[in-house]
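Sharing a structure with you now.
The values are calculated or read from the model by the stated rules, or taken from the named source; none is laboratory data. Keep in mind it's a predicted model, so treat the numbers as computed, not measured. For neighbour counting, all protein chains shown are included, and Cβ atoms are generated from backbone atoms with ideal geometry for every residue, glycine included. Remember, those area values only see protein heavy atoms, side chains included, never the ligands or the DNA or RNA. Shrake-Rupley method; radii C 1.70, N 1.55, O 1.52, S 1.80 Å.
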Protein chains: 2
Amino acid sequence: MKTKQNTLYVGSLAKGLRLLRAFDESHSELSLSELAARTGLDKSATQRLANTLHIEGMLDKDSGTRRFRPSHAWLEMAYAYYWSDPLVGQAMPKLINLSQELAETVNLAEMSGDHIIYVSRLPCKRTYFAATVIGRRLPALSTSAGRVILATYPEEERRAAVDGWPIRVFTPNTTLDRENIRASVENAVHDGYAISQGQMILNEMAVATPIIGPDGRAFAAVQCSVSAHTWTREKIVAEILPKLQDAANAISPSFQSQRALDGR
Amino acid sequence: MKTKQNTLYVGSLAKGLRLLRAFDESHSELSLSELAARTGLDKSATQRLANTLHIEGMLDKDSGTRRFRPSHAWLEMAYAYYWSDPLVGQAMPKLINLSQELAETVNLAEMSGDHIIYVSRLPCKRTYFAATVIGRRLPALSTSAGRVILATYPEEERRAAVDGWPIRVFTPNTTLDRENIRASVENAVHDGYAISQGQMILNEMAVATPIIGPDGRAFAAVQCSVSAHTWTREKIVAEILPKLQDAANAISPSFQSQRALDGR
DNA sequence: TTATCGTGTATTACATAATAATACTTGATG
DNA sequence: CATCAAGTATTATTATGTAATACACGATAA
């Protein structure tokens, strides 16, 4: 363990968290040995830590297969999160109204490092499962929400982000060309909104407007996803964008308090 | 620490989890000393553990106030949970359809010990914030979902549950009389649905139907919340119930796999 | 100003509690 | 029924987490 030679750092706790992080969308249940493999911990450590997490109710254990799964406590953590995030409480009623007016999927995304994370999702139409689940993190550069938030940053930061932030392929249409992305971001600087197409899901279009803090920087965005089969860029700008901007603007002013965060 | 004198139990990890659990709806951000007070740990321990959680990205720290808050990682845990719960994937598209048809708030609740926990929520109308947030745990006996699930249990278990499970006051109308609750549960045994009124929120009515596993026991319920101002029991039974039951029945058959869980 | 408090941060000597190795148990597979 | 992999249990050793304590800082008030 090459972690901090720091007496204020509890290695066992950190290792336990590694077990928790071993679960994701493609690893939804894990055996002891899989856990060991994924965390890089030896069998003994994995055994002790997994046992502790099970006893403490953080991991369910299937008595037949002996495999571990996230417990309901993982949902309770989301519950606690929601009460701690002042944005959500402000935004929720407005998002519900918006989703009713538009009759299309409405999302609330927050900036989280170089990713965005979906904090609230209000699906209106059948859609892919992954598009209905909160807590999904996506590379900011590949999403309309990320780009429109980035567009509120000073030019220097924008440049650095477009050059350095990660990108990943999700569909054959995911933009990998950073110049292309730069153009999209700079458009968003000018327009105050961003539209993306087929970045995450084929034939999906997304439009996003920023929720701007008192310093002029956005830290979140309201986003709407529609099918490219029934919508065009022009129709989105004409019919969705105005309501989306109203909603985002209605949420923004409530934010005097800025949350300055300690670096880790 | 009176916890297990067990070599397979890592106390430091368990203590770290206590810090996480210190956050809830009425404690959304905590200072070091508040954390110490709420967890019962001494200052040193709290300091080390909180620091570790911060370094590992589980707690954000406001650099001004020095207070800790749940980080985005708490939402990511919900994301991982969703992929691990086979019910959610099955139910989601049907719930979306249902919510569109009814134009009323639709919830998916799972049994979790003697509580129910909201796993998915699709708000359609403006409502209280707490009613839009997933991960909320409520005493099963005080909810239509809990009662209708309980109604699928054998008589002996039903009796024990009605006598022993916890109840809490939420509104002046929350039923505290266990005989009253027993009657409600026994009605649900007969009817296959449960309706409650004003249990969690005044002037709110809720109707729930069970999602039944292969053994005949329900482990979840589909629930719909409406305003008592515009709905009556009769109208709910006539207009909402049939669609609710269709949805719940459509979800049930997919469940061959039963998840037997190890006791902690 | 100086004093006192509360709170957050840092350091250290010590022994507890986490560790890694190993042995045991189980059940699946050929 | 022999073999192997995976889960479970036990133990001696010392690394690691611990509690005590000291320091830093800001707020409040005399």
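Please report the carbon-and-sulfur percent of the accessible area for chain B; probe 1.4 Å, protein heavy atoms only, DNA, RNA and ligands left out.
Accessible surface attributable to carbon and sulfur in chain B totals 48 percent.
Express in Å², to the nearest 10, the accessible area of B:E234 obtained by rolling a 1.4 Å probe over the protein heavy atoms while all chains stay in place.
130
While we're on this one: Using modelled amide H (1.01 Å from N, peptide plane; none on Pro or chain starts), what sits under 5 Å from the amide H of B:S120, excluding residues fewer than 5 places away?
B:L108
Can you give the calculated 222 nm mean residue ellipticity of chain B, where each DSSP H run of n ≥ 4 adds -39,500 (n - 2.57) and the sum is split over every residue, rounded to the nearest 500 deg cm²/dmol? Don't skip to the end; give the middle numbers.
Values: 9 runs with 103 residues, N = 264.
It comes out at -12000 deg cm²/dmol, rounded to the nearest 500.
Continuing with the same structure: Using amide H atoms built 1.01 Å from N in the peptide plane, name the residues 5+ places from A:A220, or on other chains, whose amide H lies under 5 Å from its own.
Counting only residues 5 or more places away or on other chains, the set is A:M111, A:I211.
Give me the compactness ratio for the range A:132-223, meaning the Cα radius of gyration over 2.2 N^0.38 Å.
Values: Rg = 12.3 Å, N = 92, 2.2 N^0.38 = 12.3 Å.
Dividing the Cα radius of gyration by 2.2 N^0.38 Å gives 1.01.
List the accessible area buried at the contact between B and A, summed over both sides and calculated with a 1.4 Å probe, in Å² to the nearest 100.
Details: alone 14940 and 14980 Å², together 22070 Å².
The summed interface area works out to 7900 Å².
If you average over every viewing direction, what projected area does the convex hull of the Cα atoms of the range B:1-133 give, in nm²?
Details: hull surface 43.9 nm².
Across all orientations, the range B:1-133 yields a mean hull projection of 11.0 nm².
Let me ask you something else. Hey, if we sort A:L8, B:L53 by accessible area with the 1.4 Å probe, largest down, what's the order? Kindly include the intermediate steps, with their values, before the conclusion.
Details: A:L8 55, B:L53 0 Å².
Largest to smallest exposure gives the sequence A:L8, B:L53.
Which links in B:K61/B:K125; A:K243/B:K125; A:K125/B:K243; A:K243/B:K243; A:K61/B:K15; A:K61/B:K43 stretch past 26 Å when you go from one Cα to the other? Each step should come with its number before you reach the end.
On the way: B:K61/B:K125 35 Å; A:K243/B:K125 17 Å; A:K125/B:K243 17 Å; A:K243/B:K243 31 Å; A:K61/B:K15 21 Å; A:K61/B:K43 34 Å.
Going by Cα-Cα distance, B:K61/B:K125; A:K243/B:K243; A:K61/B:K43 fall outside the 26 Å limit.
Roughly what would the spin-label model give for A:E155 and B:D163, points 7 Å off Cα along C-beta, in nm?
Spacing of the two 7 Å Cα→Cβ label points: 7.8 nm.
What accessible area, in Å² to the nearest ten, does a 1.4 Å probe give for B:S225?
Taking all protein chains as shown, B:S225 has close to 20 Å².
Using alpha carbons only, how many degrees (0 to 90, rounded to 10) separate the axis of helix A:11-21 from the longest principal axis of chain A?
With rounding to tens, the tilt is 60 degrees.
Relative to the longest principal axis of chain B, what angle (0 to 90°, nearest 10) does the C-alpha long axis of helix B:241-251 take?
60
Sorted by accessible area (1.4 Å probe), largest first, how do A:R21, B:R67 line up?
Details: A:R21 105, B:R67 55 Å².
Sorted descending by solvent-accessible area, the residues read A:R21, B:R67.
Got a sec to turn the phi values of the range A:146-162 into Karplus ³J(HN,Hα) couplings, 6.51 cos²θ - 1.76 cosθ + 1.60 with θ = phi - 60°, whole Hz, x for Gly and Pro?
Residue by residue, the range A:146-162 yields x, 5, 6, 5, 4, 5, 8, 7, x, 3, 4, 5, 4, 4, 4, 5, 4 Hz.
Something else: Each residue of the range B:206-220 in order: what ³J(HN,Hα) in whole Hz does its phi give by Karplus 6.51 cos²θ - 1.76 cosθ + 1.60, θ = phi - 60°, with x for Gly and Pro?
Per-residue couplings from phi come out as 9, 10, 9, 10, x, 9, 9, x, x, 8, x, 8, 7, 10, 7 Hz.
Let's see if you can work this out: charge +1 on each Lys and Arg Cβ, -1 on each Asp and Glu Cβ, no other charges. What is the dipole magnitude of chain A about its Cα centre, in debye to the nearest 20?
Its charge dipole is roughly 900 debye.
Step through the residues of the range A:171-177 one at a time and calculate ³J(HN,Hα) from phi using the Karplus curve (6.51 cos²θ - 1.76 cosθ + 1.60, θ = phi - 60°), rounding each to whole Hz and writing x for Gly and Pro.
In residue order, the calculated couplings are 10, x, 9, 4, 6, 9, 6 Hz.
Using Cα springs under 10 Å in a Gaussian network model of chain B, which residue among B:T230, B:T65, B:T143 shows the largest mean-square fluctuation?
Its mean-square fluctuation being the largest, the pick is B:T65.
Expressed as a whole number of Å, what is the distance separating the alpha-carbon centroids of the range A:18-67 and the range B:145-177?
Centre-to-centre distance over Cα atoms comes out at 33 Å.
Continuing with the same structure: Full-extension gain between A:A103 and A:D42, please, as 0.36 nm times their residue separation minus the C-alpha to C-alpha distance.
Numbers: separation 61, 0.36 × 61 = 21.96 nm, distance 5.09 nm.
Taking 0.36 nm per residue and subtracting the Cα distance, the gain is 16.9 nm.
Just the projected area, averaged over all directions, of the convex hull on the alpha carbon atoms of chain B: how many nm²?
Numbers: hull surface 65.9 nm².
For the Cα atoms of chain B, the hull's average projected area reads 16.5 nm².
Angle between the Cα long axis of helix B:73-84 and the longest principal axis of chain B, 0 to 90 degrees, nearest 10?
Value to nearest ten degrees: 40.
Which far-off residues, 5 or more places away or on another chain, put their amide H under 5 Å from the one on A:H115, with H placed in the peptide plane?
Excluding prolines and chain starts, which carry no amide H, the hits are A:A140.
Compare the Cα positions of B:H27, B:T65, B:S44 along the charge dipole of the range B:11-71 (+1 at Cβ of Lys, Arg; -1 at Cβ of Asp, Glu; about the Cα centre) and return the one farthest towards the positive end.
Checking the options against the dipole of the range B:11-71, the answer is B:S44.
Provide the per residue accessible area, probe 1.4 Å, for the range A:125-260, rounded to a whole number of square angstrom.
Values: 6110 Å² over 136 residues.
Here the residues of the range A:125-260 average 45 Å² of exposed surface.
What does the accessible area of A:C224 come to, in Å² to the nearest 10, when a probe of 1.4 Å is used?
Roughly 0 Å² of A:C224 is accessible to a 1.4 Å probe.
Can you give the average number of partner chain beta-carbon atoms within 10 Å of each beta-carbon in peptide A:39-49, as a whole number? Numbers along the way, then the final one.
On the way: counts 0, 0, 0, 0, 0, 1, 1, 0, 1, 6, 4.
Shielding by partners across A:39-49 averages 1.
Further question: Roughly what would the spin-label model give for A:D114 and B:S31, points 7 Å off Cα along C-beta, in nm?
Here the answer is 3.7 nm between the modelled labels.
Is the shape of the protein assembly as shown rounded, prolate or oblate, going by the alpha carbon gyration tensor and its root eigenvalues a ≥ b ≥ c, with a/c under 1.5 for rounded and a/b larger than b/c for prolate? Before the final figure, lay out the partial values.
Details: a/c = 1.67, a/b = 1.13, b/c = 1.48.
Oblate is the answer for the protein assembly as shown, as a/c is 1.5 or above yet b/c matches or exceeds a/b.
Please give me the summed charge of the neighbours of A:P253: other residues whose Cβ is under 15 Å from its Cβ, Lys and Arg +1, Asp and Glu -1.
0
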